[in-house]
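Worksheet: the structure to be examined is printed underneath.
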Amino acid sequence: MTVKENVQNILRNLPENVILEAAAKGRPAESIQEAIGAGISIIGENYIQEAEGHYKLIGHCVHWHFIGHLQKNKVKKAVALFDMIETIDSVELAREIDSRCKEINKVMPVLIEINSGREVQKHGVFPENAVSLVTEISGLSHLRVAGLMTMGPVVADSTQLRACFIETRNLFENIKKLHLSSIRMEYLSMGMSDSYRMAIDEGANLIRIGRKIFA
Ligand SMILES: *Cc1c(COP(=O)(O)O)cnc(C)c1O
């Protein structure tokens, strides 16, 4: 199957409200371009340097989302390039993004990354700490919380993974109900190649697919 066929097959079976993001780590620009030609409008990138290379060749005909772990010393480059950062998990990172965006007069939509499997070695904020993080950063003027993102545990059986998706969805709804003035809970980013159907069942409206598109 070609990249084009893969994208078309996934798109054909998606509910109307669900957006397909192509996770492009390790892929050549030609493959990404093929995916764009087949209807992809959001590219997810894990690494700044790789993203810069892709962006140079492809440009701004799509939206670029950062989905990797963002180090503080890379924030300046990240805010210049990306349209959304999906992996906020600390006040410090949010503050750095806010101040770098201020310099270039940009307001950055961000998602809070939830460590829904509560894995100590993983990035993301534990579910029980998400409300206080959102509340604390909701006052920053050059960053706008737009939803939640989660990966879920890798080795989980599907029951465990579903429970993680459900908990993240509930958190999403609960934060929405807080009606914090400067945030808009719009995107629930969860589900990858092996799990996106389950994620959609549990409320995801942004799915991040790599292997099923490019492999
Ligand atoms: C690689 C990656 C994906 C896509 O994973 P696949 O299993 O290849 O579909 C999604 N989200 C993040 C954060 C990733 O790093």
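The values are calculated or read from the model by the stated rules, or taken from the named source; none is laboratory data. Quantities reported herein were computed from a predicted structural model and do not represent experimental measurements. Don't worry about glycine lacking a Cβ; one is built from the backbone with ideal geometry, like all the others, and counts go over all protein chains shown.
Worth a mention:
- A residue that is assigned to a strand (DSSP E or B), under 12 Å from the mean Cα position of the chain (by Cα) and closer than 30 Å to Gln8 by Cβ occurs somewhere in region 87-107.
- Residue selected from region 185-197 under the condition among the hydroxyl-bearing types (Ser, Thr, Tyr) and closer than 18 Å to Asn115 by Cα, by the criterion farthest from the ligand (Cβ to nearest atom): Tyr187
- Of all residues making up region 76-91, the number that are surrounded by fewer than 23 Cβ atoms within 10 Å (Cβ to Cβ), closer than 26 Å to Asn129 by Cα and more than 15 Å from the ligand (Cβ to nearest atom): 3
- Residue in region 106-120 that is farthest from the ligand (Cβ to nearest atom), counting only those that are of a type outside the set (A, V, I, L, M) and in contact (Cβ under 8 Å) with a residue 24 or more places away in the chain: Lys106
- Filter result for the condition that a residue is surrounded by fewer than 19 Cβ atoms within 10 Å (Cβ to Cβ) and either within 11 Å of the ligand (Cβ to nearest atom) or of a type in the set (A, V, I, L, M) (or both), over Ile166, Ile200: Ile166
- Test: residue in region 77-85 that is of a type outside the set (A, V, I, L, M, F, W, C), under 20 Å from Asn46 (Cα atoms), in contact with a helix residue (DSSP H, G or I) (Cβ under 6 Å, 6 or more places away or on another chain) and modelled with pLDDT of 95 or more: yes
- Exactly one residue among Val145, Val134, Val125, Val155 is over 30 Å from Gly37 (Cβ atoms), surrounded by fewer than 17 Cβ atoms within 10 Å (Cβ to Cβ) and either among the aliphatic types (A, V, I, L, M) or touching a strand residue (DSSP E or B) at 6+ places or on another chain (Cβ under 9 Å) (or both), and that residue is Val155.
- One residue stands out among those in region 169-184 that are of a type outside the set (S, T, N, Q) and surrounded by fewer than 21 Cβ atoms within 10 Å (Cβ to Cβ): the one that is farthest from the ligand (Cβ to nearest atom), which is His179.
- Lys102 vs. criteria buried (at least 16 other Cβ atoms within 10 Å of the Cβ) and modelled with pLDDT of 95 or more: no
- Of all residues making up region 10-47, the number that are over 13 Å from the mean Cα position of the chain (by Cα) and either more than 14 Å from the ligand (Cβ to nearest atom) or of a type in the set (Asp, Glu) (or both): 18
- Sole residue being under 23 Å from Ala23 (Cβ atoms) and touching a His at 6+ places or on another chain (Cβ under 9 Å), chosen from Ser189, Ser116, Ser195: Ser189
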